[in-house]
Structures are given as C-alpha cells and as structure tokens.
Amino acid sequence: MKLVCFGDSLTYGYGITRGKCWVDLIRKKLDVEVINQGFNGETAAGMISRSYTDIVENTPSYVIIMGGSNDFLMGYTVNSVEMKISLLIKEAKEHGIIPIIGIQTPIDKDLAFEGWSADVDYLKVNEKIKMYRQWVLNYCNEEHVLFIDFYSALETAKKTLYPKQLYIDGIHLTEKGHEIMSECALLAISEGELYH
C-alpha cells in the first residue's frame, strides 16, 4: 500500500523540524510507503495544476487531500474551494485511487495577527474554514468518501492547551500540534480500515 499526502504548508510541515510533521509521524507508525506532497503557500488551484504529477503518477492506493486555507487567507470563496477539492476527489477516483479529505485546522486569530499578518480578517477566515468543514462532512456522507477531521482534533486540544503550545504563528502548528494531527489521522485510518 502507498499513501500520498497532498496539500499546502499544513501537510508540508512548515516551521518545524523534518521528521516531526504529522505526515512523518504517521509514516513511522504505518507499515506503508507515505509520500509528502505538501507545498508551502499552495492554493486549491495550484493543487489541481500539479495533481496528476504528484498524485496520479505516484500510483498510490490512497491520497489524503487537504487544502483551502491559503485560498481563504487570500479572500477566495468557500464555494470555489469546494469545487476544486471535489475535482481532485473525482480525478483520484477515476484513476483507482481512494481519496480521503483532510479538514484543515482552525486559525488562532490573536497569534496570527501578531505572528503572520495584521491585514487579514482571521474571524472571517475561520468562518470560511468552519463552513468548508460542514461541506466536507455532508459531501463525504453523500459520496461515501473518507475524511480526517483535523479541525475537531485541534478544537478539542485547545480546551486543555494554550494556543502557543499548538501554534507557531496562529496558522502553522508546533510539534505538539503535529502530534495531535498524526494521532487524529491514525485513528481515522484505523477506523477506515486502510490496512486492507
């Protein structure tokens, strides 16, 4: 079995030591080939432009597709991301690859304002991420697609951990944040019986 993890800086592991990203952590736990095709700054349109090379030509059994955060930070609509993600899902299925949607983590608006940019309405970005999450849940239910709810895992962690324990800059996650993502992914993978 081979798994491609396809997305933006949340998949790439921006800002943390190599080997500590959630993709690296699940690679260590699963007895399968795991390829990280995360790209810093990537948009959903960028993901479409490289999907054939980075997903299809790698011939994986499964692909985890997670994107849209940069689109929302740039002011793009939820609908535009939904359309592009559904195209990526369709392409994977057409090539016999089982798609899994990763639901991106929420943003900590105060840390992002300090550590990333003061020019973005992070409340609005978080609203879009929340709306997108709801679309993913509905879509996956209707289309029988697997998903990993990283959003919910981080929301749960925020009840017991300080934002600075989870976020580097309000957008990207610390090693602890990536550990939580890896645990969430491994649980979803085991429940989805990806081993078989």
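The values are calculated or read from the model by the stated rules, or taken from the named source; none is laboratory data. This structure is a prediction, so every number in the text was calculated from the model and none was measured. Cβ atoms come from the backbone with ideal geometry, glycine included; neighbour counts cover every protein chain shown.
Results, tabulated for the structure shown:
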item	result
Residue that is modelled with the highest pLDDT, among those in the range 90-121 that are farther than 22 Å from SER190 by Cβ and among the aliphatic types (A, V, I, L, M)	ILE107
Matching entry among THR160, THR156 (being closer than 19 Å to GLU183 by Cα and outside any helix (DSSP H, G or I))	THR160
Filtered residue count, the range 79-89, keeping only those that are over 25 Å from GLU191 (Cβ atoms) and either touching a Cys at 6+ places or on another chain (Cβ under 9 Å) or buried (at least 17 other Cβ atoms within 10 Å of the Cβ) (or both)	2
The range 170-196, residues that are modelled with pLDDT under 95 and among the acidic types (Asp, Glu)	GLU191, GLU193
Residue that is farthest from VAL63 (Cα to Cα), among those in the range 163-179 that are assigned to a helix (DSSP H, G or I), touching a residue at least 40 places away in the same chain (Cβ under 8 Å) and out of contact with any Asp or Glu (no Cβ under 7 Å at 6 or more places or on another chain)	LYS164
Residue within the range 62-84 that is basic (Lys, Arg) and out of contact with any Ser or Thr (no Cβ under 9 Å at 6 or more places or on another chain) present	no
Meets criteria (surrounded by 16 or more Cβ atoms within 10 Å (Cβ to Cβ), touching a residue at least 24 places away in the same chain (Cβ under 8 Å) and either among the hydroxyl-bearing types (Ser, Thr, Tyr) or closer than 16 Å to LEU10 by Cβ (or both)) for ALA153	yes
Residue within the range 134-142 that is surrounded by fewer than 20 Cβ atoms within 10 Å (Cβ to Cβ), under 18 Å from VAL63 (Cα atoms), over 13 Å from the mean Cα position of the chain (by Cα) and touching a residue at least 40 places away in the same chain (Cβ under 8 Å) present	yes
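One line per residue, one yes/no per condition, for (1) charged (D, E, K, R); (2) part of a loop (DSSP other than H, G, I, E, B); (3) out of contact with any strand residue (DSSP E or B) (no Cβ under 8 Å at 6 or more places or on another chain):
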site	(1), (2), (3)
VAL4	no, no, no
ILE16	no, yes, no
ASN36	no, no, no
GLU42	yes, yes, no
ILE48	no, no, yes
TYR52	no, no, yes
GLU82	yes, no, yes
LYS93	yes, no, no
PRO99	no, no, no
